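What follows is a set of notes on a single structure, which appears directly below.
The values are calculated or read from the model by the stated rules, or taken from the named source; none is laboratory data. This structure is a prediction, so every number in the text was calculated from the model and none was measured. Here Cβ is always computed from backbone atoms with ideal geometry, including for glycine, and neighbour counts include all displayed protein chains.
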């Protein structure tokens, strides 16, 4: 009892206040999104989703309260057992009978126990965060050895694979968020940069895959991709490795290759895609020769990247065409503006943009949104909840919500950074990464900047499972943080 | 701290977060504040703007008799996108159409300019109570179909069709010209309905309904706060006397021709009859186009308003005008005498028998052709011919201008009678072109002196001429809307009042002693002038122009009966009976009326009231 009194005073007030504001705003938005004009009920009505959400909020707060009462050491000591149990649960989901794990739109991610249903994938985020914190806090990362990341990556890949097998690719993608924590814990920053590079390559190759260059099957996508790779190596060679002369030679050589190709094209039909790949491979060879003969020892990275990029650019089209399902391809094509189809795939995003766009500067006012009230926006109280905010509270309301999210994220980073224990800090960065990834993908999706990936907006989207998991995730951090303050006193 | 070097990495993380969320805010700024297109999309998404049509203004006659009013009608509209599981056969049964028509109509709708599968499109328009009844009962079986309330014209009388005009669907041109109109709207096509369209139509109301993503109506937007109420069209009162009008139409049975009656003091048109006519209710609603085509192909051309659009040579009735203008221009005086050699007169023979020499009064009364030839010649040759015919041509212009000051040769531009012909009072150039500047003389254009040849008038213009004589020198633009401001549209002719009494006297003598003496009305002194106009289509046109009573004239009338014969026989009794009806309010000469009604001059004319 003595300890719990102390906890009350050492809780991080700003984080708690931010949490409350966001949850209340979410609750009001759910009322707005599910409001039925023909039978208007109050916000507390059990008939409304807002009434049910109130129950989820109450239970989430109870869970949060319980976590604050638990001894903080439990999370450290039981991190691995929790993780193992979660993995078993995830594995069970795949083989479980449909009476417990019903098939919802093809995915097997919900556990149904009587009236309560729960998504173990939500639990997996917390369990993986704890496991990563436990494992990585034991490693001395100052040596910057890439081998140290093997175990953490395995810890991530196991639940990732199990969730993909449940056909919940959206939830699985959230595990990418741990890269942010890896970066903070010493992962080479180049990995983040390369990730960005490869995303850009993918976008460019796919988006311009239908624009022909030359007579024999060349595409603008490939040419641009090789250009981006060239830009990358020029930047690296010229500025970072300080090999200016060699870089300029390379540029000249590639120019010669292109001119030769264009001249040849007059006589023979050339596929410019091969020319583009050839320039990348030739560049890789060039750096390799320099590496060996002149002992540069700086270019092994660029060689790997070049080979990777060549392989990736060449196979991106193939991966896109064969590795993705039809609806996933459509979602990406719609995002890139390659197809316009307002009836099927594009409909959700188009209606989402109309709802948000029609909100104007100050919005239409509480319960006055026409697009959301009239059910033009699908999934408007879950994945597309931000549309209600945009339509009813306009630019000002939407910006305030985004700024609140940012402030909460910054607060979490501040909390993480002030921890003495590596375990606490790593866990804190996991929480920040997961929250950030959800916000990035969800709001990016409703704003038409990301492909449609069905993951909830933290604290806003309707449903107990996600609200509980975000609450528990945040409150574990607050509990760990409170323990630190205990010790200081 | 344990790994202090890496601690600075938090700033990279923070910067990434700030950049991405700031990017989202910029995107929001573009979506919500800068780009307006989403607001329009949202409107067309969620708002169903339903037009509410106002009732059209009523039309009354001068005695507040109701002439035209509204009865409810219905349009069937559809929203293509909302049509589901349509049983075409049942729909066609309910609307009493065949499937071929249904398919044709669906194709037409989709081809229409401005077609959208989201907005209501007109499927069938102007159905009556009975026609819509079955469909209305089964409406719930046809999702996507709606019934739109409209109004249809209904008429109290079967006459006055040309005056009232009709209402028809607006064309693409109308829509472009006036943005009040939309596809499927109706507007006045001719007559009063057209000239007072803006008064009669009122203004449409708009009801903004909210529609959900499945097209279901979810109630009114902001509880109807932004709806606009329809405004009923204003009623108008015409100058027409419907009793006089109906009598006129009855008297014209079996004849082709027209009557125009004007109140001289005000220019108000009391009756305007064009025969053959048609029942105005023929051109209402769904039957309109079918009946319109039938009327259009009728050989006697009932759609033409002969009262204002037919052009005739006025014949002898033009001599009243000639007498006035020649006096004014100094060609003759009241006392001028000319010799008449009867049928052997040259260049124009006289068709009447009277003494010689003859004075102006007798010449008008007896319709002496040689007199008016001499008077016309004296007027236009007054200054001689001059060098290269210039003095003659100049004087001709003076004559023409004086004649035109009576409202001849031009449309009444300030009138609300829209369908008018100009008639023709030939200009100097007209003859210059025909004969060269020096190639024409008084003798060349001698037909003008007796109202034949190139001169053309409409019955409305001739009724107005009678008005001018009744007023001794001026007229007020003939018009159809009862409205005091029209009195300001006074036009003084170039003939001064002192020249009128002799013509007035002569016209009175026509009734007392002359060709119209059989049609005198007891107790009312009347003035008139017959005309018998030769033409190339058969018997002469019978003309009569006159006014009554002689003192304080109340009515001026022009009667034209095409290819009938003598004006005195066919036109004069019609004049007399109309004057009796208007002045006495009733007809006592039943026998005369019966006789006129039974007279048939053209067997092709269908009699509407039988």
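The residue of the range A:437-448 that is surrounded by the most Cβ atoms within 10 Å (Cβ to Cβ), among those that are more than 18 Å from residue A:467 (Cβ to Cβ) and at the interface with chain B (Cβ under 9 Å from one of its Cβ atoms), is A:447. Consider residue A:117 carefully, then state whether it is surrounded by 12 or more Cβ atoms within 10 Å (Cβ to Cβ) and assigned to a strand (DSSP E or B). For residue A:117, the condition - surrounded by 12 or more Cβ atoms within 10 Å (Cβ to Cβ) and assigned to a strand (DSSP E or B) - is met. Checking each residue in the range A:412-436 for being at the interface with another protein chain (Cβ under 10 Å from one of its Cβ atoms) and over 19 Å from the mean Cα position of the chain (by Cα) picks out A:414, A:416, A:417, A:418, A:419, A:420, A:421, A:422, A:425.
State yes or no: is residue B:73 modelled with pLDDT under 90 and more than 7 Å from chain A (Cβ to nearest Cβ)? Working first, answer last.
Values: modelled with pLDDT under 90: yes; more than 7 Å from chain A (Cβ to nearest Cβ): yes.
Yes, satisfied.
Pairs are defined by a Cβ separation below 9 Å, a sequence spacing of at least 6 or placement on different chains, a first member in the range B:330-343 that is touching a residue at least 24 places away in the same chain (Cβ under 8 Å), and a second member that is part of a strand (DSSP E or B); the pairs so defined are B:332/B:338; B:338/B:358; B:339/B:358; B:340/B:358.
Out of the range A:161-208, which residues are in contact with a strand residue (DSSP E or B) (Cβ under 7 Å, 6 or more places away or on another chain) and surrounded by fewer than 20 Cβ atoms within 10 Å (Cβ to Cβ)?
First, the residues of the range A:161-208 that are in contact with a strand residue (DSSP E or B) (Cβ under 7 Å, 6 or more places away or on another chain): A:166-168, A:208.
A:167, A:208, listed by residue number.
Residues that are in contact with a helix residue (DSSP H, G or I) (Cβ under 9 Å, 6 or more places away or on another chain) and under 11 Å from residue B:546 (Cα atoms) are absent from the range B:471-493. Among the residues making up the range B:310-344, those that are buried (at least 20 other Cβ atoms within 10 Å of the Cβ), assigned to a loop (DSSP other than H, G, I, E, B) and over 38 Å from the mean Cα position of the chain (by Cα) are B:331, B:332, B:340. Within the group A:423, A:459, which residue is in a helix (DSSP H, G or I) and out of contact with any strand residue (DSSP E or B) (no Cβ under 6 Å at 6 or more places or on another chain)? Matching residue, one of A:423, A:459: A:423. Just so you know, in the range A:7-40 the residues that are part of a loop (DSSP other than H, G, I, E, B) and modelled with pLDDT of 75 or more include one that is nearest to the other protein chains (Cβ to nearest Cβ), and it is A:35. Anything in the range A:182-203 that is at negative phi and facing chain B (nearest Cβ under 9 Å)? List them, or say none. Correct list: A:183, A:184, A:185, A:189, A:192.
Yes/no per residue for (1) farther than 22 Å from residue B:512 by Cβ; (2) more than 24 Å from the chain's Cα centre (by Cα):
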site: B:553; (1), (2): no, yes
site: B:557; (1), (2): no, no
site: B:564; (1), (2): yes, yes
site: B:572; (1), (2): no, yes
site: B:581; (1), (2): no, yes
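Meeting the requirement of 1 or more residues that are more than 17 Å from residue A:445 (Cα to Cα) and within 14 Å of chain B (Cβ to nearest Cβ), the helices (runs of 4 or more DSSP H) wholly within the range A:298-401 are A:370-373. Residues that are in a loop (DSSP other than H, G, I, E, B) and at pLDDT 90 or above within the range B:420-440 comprise B:420, B:421, B:422, B:423, B:425, B:426, B:427, B:440, listed in sequence order.
If you check B:409, B:386, which single one turns out to be in the same structural domain as residue B:477 (by TED's automatic domain parsing), within 33 Å of the chain's Cα centre (by Cα) and at positive phi? Selected residue: B:409, the only one of B:409, B:386 that is in the same structural domain as residue B:477 (by TED's automatic domain parsing), within 33 Å of the chain's Cα centre (by Cα) and at positive phi.
Which of the residues that make up the range A:209-227 are buried (at least 17 other Cβ atoms within 10 Å of the Cβ) and part of a helix (DSSP H, G or I)? I'd like the intermediate steps shown before the answer.
Within the range A:209-227, the subset buried (at least 17 other Cβ atoms within 10 Å of the Cβ) is A:209, A:213-214, A:218-226.
Scanning the range A:209-227 gives A:220, A:221, A:222, A:223, A:224, A:225, A:226.
Picking from residues in the range B:1-21 that are part of a helix (DSSP H, G or I) and exposed (fewer than 14 other Cβ atoms within 10 Å of the Cβ), the one that is modelled with the lowest pLDDT is B:4.
Residues checked against (1) over 27 Å from residue B:62 (Cβ atoms); (2) without any contact (Cβ under 8 Å) to a residue 40 or more places away in the chain:
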{"position": "B:98", "(1), (2)": "yes, yes"}
{"position": "B:103", "(1), (2)": "yes, yes"}
{"position": "B:130", "(1), (2)": "yes, yes"}
{"position": "B:149", "(1), (2)": "yes, no"}
{"position": "B:162", "(1), (2)": "no, no"}
{"position": "B:182", "(1), (2)": "yes, no"}
{"position": "B:198", "(1), (2)": "no, yes"}
{"position": "B:201", "(1), (2)": "no, no"}
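Among the residues of the range B:28-52 satisfying the criterion of being facing chain A (nearest Cβ under 7 Å) and surrounded by fewer than 17 Cβ atoms within 10 Å (Cβ to Cβ), which is nearest to residue B:209 (Cα to Cα)? Filtering first and then ranking leaves B:39.
Residues that are under 23 Å from residue B:169 (Cα atoms), assigned to a helix (DSSP H, G or I), in contact with a strand residue (DSSP E or B) (Cβ under 8 Å, 6 or more places away or on another chain) and at pLDDT below 90: does the range B:48-58 have at least one? Scanning the range B:48-58 turns up no residue that is under 23 Å from residue B:169 (Cα atoms), assigned to a helix (DSSP H, G or I), in contact with a strand residue (DSSP E or B) (Cβ under 8 Å, 6 or more places away or on another chain) and at pLDDT below 90.
Of all residues in the range B:545-567, those satisfying the criterion of being at negative phi and surrounded by fewer than 22 Cβ atoms within 10 Å (Cβ to Cβ) are B:549, B:550, B:551, B:554, B:566. So residue A:409 passes all but one of these: (1) surrounded by 23 or more Cβ atoms within 10 Å (Cβ to Cβ); (2) more than 28 Å from residue A:364 (Cβ to Cβ); (3) facing chain B (nearest Cβ under 10 Å); (4) at pLDDT 95 or above. Which condition number does it fail? Status for residue A:409: all satisfied but (1). Can you spot a residue in the range B:528-539 that is closer than 20 Å to residue B:260 by Cβ and part of a helix (DSSP H, G or I)? No, because not a single residue in the range B:528-539 is closer than 20 Å to residue B:260 by Cβ and part of a helix (DSSP H, G or I).
Considering only residues that are more than 14 Å from chain B (Cβ to nearest Cβ) and farther than 19 Å from residue A:25 by Cα, look in the range A:449-471 and name the one that is surrounded by the most Cβ atoms within 10 Å (Cβ to Cβ).
My answer is A:452.
Taking the criterion of being farther than 23 Å from residue B:202 by Cα and assigned to a loop (DSSP other than H, G, I, E, B), the residues of the range B:134-159 that qualify are B:138, B:142, B:143, B:144, B:157, B:158, B:159. Does any residue of the range B:192-214 turn out to be within 30 Å of residue B:258 (Cα to Cα) and outside any helix (DSSP H, G or I)? The answer is yes, given that some residue of the range B:192-214 is within 30 Å of residue B:258 (Cα to Cα) and outside any helix (DSSP H, G or I).
Looking only at residues of the range A:412-424 that are closer than 20 Å to residue A:136 by Cβ and without any contact (Cβ under 8 Å) to a residue 60 or more places away in the chain, we find that the one that is surrounded by the most Cβ atoms within 10 Å (Cβ to Cβ) is A:413.
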